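Visitor: The following block contains the structure, expressed as structure tokens.
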Amino acid sequence: MTTRSTNHDWLAQTVEAPLEPALPICDPHHHLWDLQPGRVAPRYLLDEILADVGAGHNVVSTVFIECGAMFKPDGPEALRAVGETEFVNGVAAMSASGLYGKPRVAAGIIGTADLRLGDAVADVLDAQIRAGGDRFRGIRRAGAWDADASVPGHRTRPGPGLFLRDDFRAGFAQLAPRRLTFEAWCYHRQIPDVTALARAFPATTIILNHFGGPLGVGPYAGRADEVYAQWRTSIGELATCPNVVVKLGGINMEMNGFGWHERSRPPGSQELAEATRRYYEFTIEKFGVDRCMFESNFPVDKASCSYTVLWNSFKHLTAKYSAAEQAALFHDTATGVYRLQP
């Protein structure tokens, strides 16, 4: 049985038919979890994601991104995160059976490991690869941090300058020999750290999550143009690194400051697209469609809009793009980066 999100009735006020329902989509960024009472979707397992991806858009495959779910309760601390990969690989096997419909949920899996372990992280990475089998593709370790306590910090408490630390980089060096990618989740002021990391490790593919996290809460509230200007400069520099790919999405979280979740009714796709357009268009201009991919960041972004409305907003944003450009942004870049079946 599908568990409804806590804001289900609110989301139901804005219902849209899917635009271009035949366009193939690979959703390269979503989570799976259970027993998360503080989330808008306390339970988000196979039934819940299938309800979203099956609502009308042609989602053919997805990529799971680590979120601290189902860690092992005991054993060596460094290896407990392997439990998450085991859990997701089971969900992926269920989906791959075809019994639950056409979408292949978690066709690619991104886990986590504490790269600050340096060379010792090699054993953790190998354990993750074994647990994920032919679906395991990379590691995410968040560097999202801000000096102001009013800005939500990441659950791993990375502290300042994670991507610049010598011990982190020693662990990072273990990724390329294993053909593992790295997901960089940071806030906008840390994008230069991602640039430095990319230049130091040109053989490792780095995927910037959520536009690099432009903030709009705490000391950044009411400063949208100033934040955008700083972000724009940093993104332009990051785009000079050919080993960096960007996920277009994840900008409807509470921390981004648009305040969608505080309204009496949720936004429609056209309004959503216009409010965030400048981030999408500038990133695509700088990186090109072959280094950009749309993402849902569900169920986190479900706090602001439904899955159907979100992907409709992406289709509004690309209404004037060619069929080849749309194919890259909605499907081909993601399946190429994560080495998924077409």
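Visitor: Return the equivalent ellipsoid semi-axes of segment 198-325 as a descending list in whole Å, where each equals the square root of 5 times an eigenvalue of the C-alpha gyration tensor.
Guide: 24, 18, 13
Visitor: While we're here: Once each part is reduced to its C-alpha centroid, what is the distance from segment 1-45 to segment 212-271 in angstrom?
Guide: Distance between centres, Cα-based: 21 Å.
Visitor: Ranked highest first by average number of other Cβ atoms within 10 Å, how do 55-64, 97-106 line up?
Guide: Packing proxy ranking, top to bottom: 55-64, 97-106.
Visitor: What number, in percent, do you get for the relative contact order of the chain if the mean sequence gap of Cα pairs under 8 Å and at least 6 apart is divided by its residue count?
Guide: This gives 18 percent for the chain.
Visitor: Further, regarding this structure: I'd like the distance between the alpha-carbon centres of segment 59-109 and segment 281-300, rounded to an integer number of Å.
Guide: Taking the Cα centre of each part, segment 59-109 and segment 281-300 sit 23 Å apart.
Visitor: Roughly how many Å² is the accessible area per residue of the chain, as a whole number, for a 1.4 Å probe?
Guide: Counting only protein heavy atoms, the per-residue value for the chain is 40 Å².
Visitor: Moving on. Taking a 1.4 Å probe, which of 2, 14, 318 shows the most accessible area, and what order do the others take after it?
Guide: Numbers: 2 70, 14 20, 318 0 Å².
From most accessible down to least: 2, 14, 318.
Visitor: Roughly how many Å² of residue 116 are accessible to a 1.4 Å probe, to the nearest 10?
Guide: 70
Visitor: Given the C-alpha atoms of the chain, compute the convex hull and give its volume per residue in Å³.
Guide: With only Cα atoms used, the chain gives 127 Å³ per residue.
Visitor: Over segment 132-191, what is the relative contact order in percent, taking alpha-carbon pairs closer than 8 angstrom and at least six residues apart? Walk me through the numbers before you get to the answer.
Guide: On the way: 64 pairs, mean separation 29.5, N = 60.
The value is 49 percent.
Visitor: Leaving out ligands, DNA and RNA, what percent of the accessible area of the chain is carbon and sulfur, probe 1.4 Å?
Guide: In the chain, the share of accessible area belonging to carbon and sulfur is 53 percent.
Visitor: Related question: Using only the heavy atoms of the protein chains and a 1.4 Å probe, how would 130, 291 rank by accessible area, largest first?
Guide: Putting 130, 291 in descending order of accessible area: 130, 291.
The values are calculated or read from the model by the stated rules, or taken from the named source; none is laboratory data. Since we're looking at a predicted model, the values are computed, not measured. FYI the Cβ positions are ideal-geometry reconstructions off the backbone, even for glycines, and counts take in every protein chain you see. Protein only, heavy atoms only, side chains kept; ligands, DNA and RNA dropped before computing areas. Shrake-Rupley method; radii C 1.70, N 1.55, O 1.52, S 1.80 Å.
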